[in-house]
Amino acid sequence: MTKVIAINAGSSSLKFKLFEIDSEKVLAEGIFDRIGLEMSKIKIEYQTNKKFEVDEKVKDHAYAVKRLLGLLLDLKIIRDFSEIEGVGHRVVAGGEVFKHSVEITSKVIRKINSLAEYAPIHNPANLMGIKAFKKVLPFATAVAVFDTSFHQTMPKENFIFSVPYEWYQEYGVRRYGAHGTSHRYVAKVAASMLDRPLEKLKLISCHLGAGASICAIKNGLSFDTSMGFTPLTGITMATRSGDTDVAMLSFMMQKLDMHSMPEAIYDLNKRSGLLGISGVSSDMRDILAKRETNLRAKLAIDVFVKDIVKYIGAYTAEMGGVDGIIFTAGIGENSTEIRSKILNRLAYMGIEVDEKKNALRGQNLLISTDNSKVQVLVIPTDEELMIARDVNKIMKKKLKH
Ligand code: AMP
């Protein structure tokens, strides 16, 4: 029974999911949170309904990995480290270098490091996870799975910004996108639910979580996506502004006596979006709860919905049509109300929603009626499974050689 572990290392956290890869069964999943702080939190769920939770100091990622593997043994989830034959690491920025998932070698590590200027917080954190696992499981196949690589198929007109061309040539400034692993996963599931080849479908995937992005997927390939050079662009998000007029920043820097660009960008990343408009919360559930009594909460919802409607319209036009629209991530998977608000405004496309099915959640659902001109699907995302599948593919390729 081959086991593969998918790792998502953040600056102060390490999330994991351990799979028995042939059956794709989840053996354990969990998180080490607040790494490096006074007190960290460890949570592990395993064997369907067992839970392990403890607060203790976890000084760094290297210790977190050692502790994690120790716990997997102690909790009898594995009997020996050698059972874990593959480790998949989520890496945020792959630039134009990484167009696919790759086995991690020292050359790959150097390249991920050199791409850190595109993701100064995330790539170094991802590397900490990679190095820590390499030490403890030196013989496992380690694979890097990039958030950006799915979008490397975008045509140039869709990834180039209308800025001096040398900015792209000399500094790599372009649209890289994000959430690639999620968009890739849900597109694949959608094709199998619709029983049609992915290579013949035009899909629009709406990943609506705290971070949110829309992706046009034409013939199985990313064709356009709403996040840009960084995850700041596109639709309104929990705390990010999405598309806005950057010239406004110099105006506001004067007004608020801000002295540096990063200070101003901080406000666009952390104090804007649903939080900025509503003043209530960055969490959609809190905002929905206040929508009838608080006009700014209602406005935040209206802007969020409008942004998504706008992108779906734009991407339908860019692709010359659309066969299916997919909703995923926290809001996309769970909010019947937000989905309804969006889909009601798309009735002009011949979309018809089965409201009974739209009221369900927590599973793969086709929520459009038989008469609908465009199929609408709700698909819980599973980036970790996609990562583990990529690891498995590379392990099998190695076996053949
Ligand atoms: P994620 O980043 O994918 O975990 O998504 C987080 C977002 O999903 C937050 O804005 C949550 O409020 C939202 N969310 C989760 N459950 C629901 C729900 N039942 N209704 C509306 N929003 C939800």
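Values in this text are rule-based calculations from the coordinates and carry no lab data. Since the structure is predicted, the reported quantities are computational estimates derived from the model, not experimental observations. For neighbour counting, all protein chains shown are included, and Cβ atoms are generated from backbone atoms with ideal geometry for every residue, glycine included.
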Seminar exercise, completed: antiparallel share of DSSP beta bridges within the chain, to nearest 5, in %, is 70
Exercise. Within the chain, which is the longest segment containing none of the trypsin sites (Lys or Arg not before Pro) that sit in a DSSP loop and have at most 15 other Cβ atoms within 10 Å?
Worked result: 100-270
Exercise. Picking from Phe139, Thr230, Ser335, whose Cα lies most toward the positive end of the charge dipole for the chain (charges on Cβ: Lys, Arg +1; Asp, Glu -1)?
Worked result: Phe139
For this session: Evaluate segment 29-152: find the radius of gyration of its Cα atoms, find its Kirkwood radius, and give the ratio Rg to Rh.
Result: 0.99
Exercise. If you place +1 on the Cβ of every Lys and Arg and -1 on the Cβ of every Asp and Glu, how big does the dipole about the Cα centre of segment 236-373 come out, in debye to the nearest 20?
Worked result: 320
Exercise. Distance in nm between label sites at Gln169 and Glu157, each 7 Å beyond Cα in the beta-carbon direction?
Worked result: 2.2
Seminar exercise, completed: Note on the chain: contact order normalised by length, alpha-carbon pairs under 8 Å, 6 or more apart, percent, works out to 14
For this session: State the Kirkwood hydrodynamic radius of segment 241-362 in Å, one decimal place, computed from all pairs of distinct Cα atoms.
Result: 16.5
Problem set entry | Sequence-distant aspartates and glutamates (8 or more away, or on other chains) whose Cα lies within less than 20 Å of Lys290 | Asp302, Glu337
Problem set entry | With at most 10 neighbouring Cβ atoms within 10 Å, loop GluC sites (Glu not before Pro) (DSSP) excluded, longest segment of the chain | 39-291
Seminar exercise, completed: Calculated from DSSP helices alone, with each H run of at least 4 adding -39500 (n - 2.57) and the total divided by the residues of the chain, [θ]222 nm to the nearest 500 comes to -11500 deg cm²/dmol
Seminar exercise, completed: Hydrophobic long helices for the chain, i.e. whole DSSP H runs reaching 15 angstrom or more by Cα along the axis with Kyte-Doolittle mean at least -1.0, come out as 61-74, 122-136, 180-194, 295-319, 383-400
For this session: Would you mind checking the radius of gyration and Dmax of segment 230-277 based on alpha-carbon positions, in Å?
Result: 10.2, 28
Exercise. Can you give the longest stretch of the chain with no exposed loop site, where a site means chymotrypsin sites (Phe, Trp or Tyr not before Pro) in a DSSP loop (not H, G, I, E or B) with at most 14 other C-beta atoms within 10 Å?
Worked result: 162-401
For this session: Please report Ser40, Ser13 as a ranked list, fewest other C-beta atoms within 10 angstrom at the top and most at the bottom.
Result: Ser13, Ser40
Exercise. Just the C-alpha atoms of the chain: what Rg/Rh do they give, with Rh taken as the Kirkwood radius?
Worked result: 0.96
Exercise. Going down the list Lys107/Lys398; Lys202/Lys310; Lys25/Lys111, which pairs span over 23 Å between their C-alpha atoms?
Worked result: Lys25/Lys111
Exercise. Among Lys3/Lys134; Lys131/Lys156; Lys3/Lys51; Lys15/Lys59; Lys306/Lys357, which pairs are too far apart, with a Cα-Cα distance over 25 Å?
Worked result: Lys131/Lys156
Problem set entry | Rounded Å value of the spacing that divides the Cα centres of segment 101-168 and segment 1-35 | 19
